[in-house]
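Below is one structure; the comments refer to it alone.
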Amino acid sequence: PQAQVFPVRLATRCLRPFQHLVCWIMLSLRILLCAFSTVTVMTFRHLDDDQALQQEVEFSDVPLTPSFRPKSLISDDEQVLPVMPSVLLENLEKECPKESKQYKSTGKLLGRGNWGSVYEVKEQGSKSWRQRWRERGSKKHFALKTVSSEEGKEVLEHEIQVMLAASKHSCSHVVPMIMSAPCVDGKQQHYSFVTTLLPYDLRKWRNEQTSTTKVQHCYPVVAKAVYAGLECLHASGYIHGDLKDDNVLFKDFDADGCPSGIVLGDLGLAQKIGSLISKYGASSYAGSSHLVASLFDGQSDPLGLNKMVPVRGFYVQAAIVKPKIDYCSWAMSVTYIFGLPEDKALTKKLGKGSCGPMAPGRRKLYP
């Protein structure tokens with residue numbers, strides 16, 4: 001037996017130096033790989049920070065009246081002043097809390113409004129390079145809405161309040177809020193919120209269609225979702241207040257090529273049902289064909305919204321917020337977007353009231 005064991009021991013002693021050499025080579029390679037991955041991650045982070053600071057951000061600051069006005073209601077004599085990116089960067093000074101969900105900007109601008117803009121963001125991956133490799137291509141994309149002025153902050157807070165009220169009623173056809181004051185690119189944006197990314201709207205979809213028959217074929221699907229969204233939003237205590245084709249968003253298309261995953265978006269101008277709002281100026285009547293005539297000075301009041309309100313010893317006309325305001329806005333889409341003479345379900349919701357003239361060609365009036 002000893003004669004059999006001796007060659008094995010001899011072979012082991014001869015191979016031991018080579019084992020040490022292999023171990024040292026493997027250890028050196030691992031150290032070099034770790035160092036390379038650390039330098040690469042730091043370099044990309046530095047590049048991402050530089051690109052984020054170099055991105056040009058443009059905002060518009062528009063004076064507000066007691067009731068929020070959409071862009072189409074801004075008079076020609078009002079100046080639109082650009083706001084520098086430093087106003088937005090003031091919101092990014094605070095570091096993100098630990099264990100908070102992280103998002104990363106893709107640099108893609110999705111849209112721009114009166115008080116801010118909407119950007120595309122994606123979920124930030126894990127810091128571990130192994131997990132980043134495993135999760136590559138699986139990150140979800142979202143929309144980040146942010147503002148840049150004091151007036152915009154008020155609009156944003158109001159919109160968040162409306163979305164929270166809708167979420168309590170489980171409104172599946174109203175745009176949801178996923179997170180407020182999110183962490184984006186390592187900084188917390190206090191006057192922003194993250195919502196679902198919805199790349200399509202009815203206006204763009206309609207402009208791309210060449211067949212009126214197909215558009216009308218899709219109307220029942222679209223109308224069902226819009227009515228469900230309005231009914232749920234009204235049940236939560238608010239009207240949309242700015243319902244038009246480019247504020248009806250959707251995620252994808254169904255098997256027939258019709259919009260799918262439809263929600264009502266842009267709730268910054270939503271008003272509480274039963275509240276009083278000041279009327280819009282007469283000069284804005286022609287350019288706001290999606291709003292009922294009862295909301296404008298000098299116009300007839302087919303919906304019976306007018307109410308005299310004492311203000312500093314004088315009586316001024318205000319408008320009572322009613323759900324019929326939204327249904328009149330949708331009535332214009334039925335005619336001018338889908339080319340339909342009427343919708344019986346909509347006629348039933350409007351009842352005996354009339355919306356008055358609602359068309360892109362409304363006559364321009366001067367105060």
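The values are calculated or read from the model by the stated rules, or taken from the named source; none is laboratory data. In this text, all values refer to a predicted model and were calculated from it rather than measured experimentally. Don't worry about glycine lacking a Cβ; one is built from the backbone with ideal geometry, like all the others, and counts go over all protein chains shown. Side chains are part of the model used for accessible areas, which takes the heavy atoms of the whole protein and leaves out ligands, DNA and RNA. Shrake-Rupley method; radii C 1.70, N 1.55, O 1.52, S 1.80 Å.
Data for the structure
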| quantity | calculated |
| --- | --- |
| Per DSSP, loop trypsin sites (Lys or Arg not before Pro) in region 273-367 with at most 13 further Cβ within 10 Å | Arg312, Lys352, Arg363, Lys364 |
| Contour excess over end-to-end distance, with Cα ends at Val221 and Thr335 and 0.36 nm allotted per residue | 39.4 nm |
| Alpha carbon centroid spacing (whole Å) that separates region 313-345 from region 148-195 | 26 Å |
| Nearest-0.05 FRET efficiency for Asp246 and Met179, computed from C-beta distance (R0 25 Å) | 0.50 |
| Rounded Å value of the spacing that divides the Cα centres of region 244-275 and region 196-223 | 11 Å |
| Computed Kirkwood radius, in angstrom, where 1/r is averaged over Cα pairs of region 246-367 | 16.1 Å |
| Theoretical gain in end-to-end length, Met26 to Glu342 [0.36 nm per residue, Cα-Cα removed] | 106.1 nm |
| Peptide ranges 200-209, 163-172 listed from the most packed, as the mean C-beta count within 10 angstrom indicates | 163-172, 200-209 |
| FRET efficiency, 1/(1 + (r/R0)^6) with R0 45 Å, evaluated for Arg363 and Lys168 via beta carbons | 0.60 |
| Heavy-atom accessible surface of region 240-347: percent carbon and sulfur, 1.4 Å | 55 percent |
| Region 142-238 - Rg and Dmax from Cα coordinates, angstrom | 16.4, 49 |
| Violating pairs (Cα-Cα greater than 19 angstrom) within the set Lys145/Lys168; Lys204/Lys244; Lys153/Lys307 | Lys145/Lys168; Lys153/Lys307 |
| Extension gain, Leu109 back to Tyr315 (0.36 nm per residue minus Cα-Cα distance, nm) | 69.7 nm |
